[in-house]
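Below is one structure; the comments refer to it alone.
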Amino acid sequence: MQQITVKPCKALRGTTYIPGDKSVSHRSVMFAGLADTPVVIRNFLYAADCCSTISCMEALGVQVERRADGELCVQGNGLHGLKEPIGVLDAGNSGTTLRLLTGILACQPFFSVFSGDASLTKRPMARVIKPLSQMGCTIVGRQQSKYIPMALVPAAQIRGIDYTMPVASAQVKSAVLLAGLFAKGSTSVTEPFLSRDHTERMLESFGVPAKREGLTVSVAPVDSLTAPEVIEVPGDISSAAFWLVAGTILPNSRLLLRNVGINPTRTGILDVLTAMGANISLENERLSGAEPVADLLVQSAQLRGTEIKGEIIPRLIDEIPVLAVAALFAQGKTVISGAEELRVKETDRLKAVTAELGKLGAVLEEKADGLIIEGGQCLKFGVCHSHDDHRMAMSLAIAGLAGNGVEITEPECVRISYPDFFETLASLRAE
Ligand code: S3P
């Protein structure tokens, strides 16, 4: 697929099941692969990123049986049972695969090498290599060990550290905590703001206490993991985000989004949209294993501009491109700051959002760490580039839907996190 045209739409109506959470899907295969009893994973996200994690785990000697209906059965060889991979481990487009597995593999008594796609080779690795080196791991990579390709040298005994992270990053936190399982002594990580805590919750589900005190979390080394028989992956709120925004800004819309993860470290989008005047209600709140889920009912509403900064940023970091679209349709100004991490995602999202929405006639001011967006803008039709970034492609689709249509080049990148996105969009149109 070279390009796709999204026509404008009057309203979205209907019900959709939100696909499995990407962060939880990755972690479920990694954790299950470090256990020694089989784990069935339900509602696994069969999308390109999580498939990169499966392939890497298979290359490390873990058996993965792909079943129908989003089910997966993983049989690991225990915490110390990973095997030296014969080839280079390809993390594809996936920062989570790369950074979390680096935490695990840097502590192994064998050699491994990571590569990835063009986007991943530009993403910073020093943030993971630095704490792991302090623990005694040896990692060498391209450009003075800033980027992949990167080699992990067999580790002798590594030691626990108390690490204060300069940026709030769940991937860095997780890499250090996972390395901590193999270290001598306990390991703690302190973040400037709380980032998603799926690793901590999954550690607990696998019998490893993750002790939290404020912004610090610590783990002690263990001999083995005690795996649950089944992991139910909640729906991904980052995927639901596109419908939350579309259902709000398109008049006469009403969408029921089923089985959405509402882990408080991920619900910044709900807080911001609600503060902007959105009409979103949570129904049927329940627990899906270690993660809270609910069905979300969203109905059209007039939004007003807002300020997005500080501790909420890590809780909605992946939703900022689509929140920028919401802000275009709000009354008044929206100011986003403290979001410089967007510059090192699959693409530089601050630059890409400004440039691509600009092609639809939107005026946004790009700041070093955020965006300033005047509301009440009228969008025209335009041809926009996804930058091969899944969340850019889907955000542009929502802009075109609520504006005057859009042609998106390289739209197939939605396979990274939401392979059925365009089919779901077609099914929710109420013309
Ligand atoms: C993720 C953490 C976030 C997020 C990414 C997934 C994870 O990245 O943007 O999509 O699964 O841990 P950072 O840790 O780099 O902030």
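Tabulated data for the structure shown
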| item | result |
| --- | --- |
| Cβ-Cβ under 7 Å pairs, at least 6 apart or on other chains, region 127-155 side in contact (Cβ under 8 Å) with a residue 12 or more places away in the chain and closer than 13 Å to Gly103 by Cβ, far side charged (D, E, K, R) and open to solvent by less than 20 Å² (accessible area, probe 1.4 Å) | Val128/Arg99 |
| Pro154 more than 16 Å from the ligand (Cβ to nearest atom), under 30 Å from Glu431 (Cα atoms) and either surrounded by fewer than 16 Cβ atoms within 10 Å (Cβ to Cβ) or assigned by TED's automatic domain parsing to the domain that holds Val74 (or both) | no |
| Criterion: surrounded by 18 or more Cβ atoms within 10 Å (Cβ to Cβ) and outside any loop (DSSP other than H, G, I, E, B) - qualifying residue of Thr96, Thr15 | Thr96 |
| Among (1) within 19 Å of Pro314 (Cβ to Cβ); (2) open to solvent by less than 30 Å² (accessible area, probe 1.4 Å) - the single one Ala227 does not satisfy | (1) |
| Answer from Val272, Val245 - the residue that is under 19 Å from the mean Cα position of the chain (by Cα) and free of Cβ contacts under 8 Å to residues at least 60 places away in the same chain | Val272 |
| Tally of residues being buried (at least 24 other Cβ atoms within 10 Å of the Cβ) and either out of contact with any helix residue (DSSP H, G or I) (no Cβ under 7 Å at 6 or more places or on another chain) or outside any helix (DSSP H, G or I) (or both) across region 390-412 | 4 |
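So that you can scan it fast, the table gives a plain yes or no per residue for (1) aliphatic (A, V, I, L, M); (2) within 16 Å of the ligand (Cβ to nearest atom); (3) not assigned by TED's automatic domain parsing to the domain that holds Pro419:
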{"residue": "Gly61", "(1), (2), (3)": "no, no, yes"}
{"residue": "Ala68", "(1), (2), (3)": "yes, no, yes"}
{"residue": "Cys73", "(1), (2), (3)": "no, no, yes"}
{"residue": "Leu82", "(1), (2), (3)": "yes, no, yes"}
{"residue": "Val88", "(1), (2), (3)": "yes, no, yes"}
{"residue": "Thr102", "(1), (2), (3)": "no, yes, yes"}
{"residue": "Leu105", "(1), (2), (3)": "yes, no, yes"}
{"residue": "Arg127", "(1), (2), (3)": "no, yes, yes"}
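The values are calculated or read from the model by the stated rules, or taken from the named source; none is laboratory data. Note that the structure is a prediction, hence the values are computed from the model and not measured. Note: ideal-geometry Cβ built from the backbone for every residue, glycine included; neighbour counts use all protein chains shown. For the accessible areas, the whole protein counts, side chains as well, though only heavy atoms, and no ligand, DNA or RNA atoms are used. Shrake-Rupley method; radii C 1.70, N 1.55, O 1.52, S 1.80 Å.
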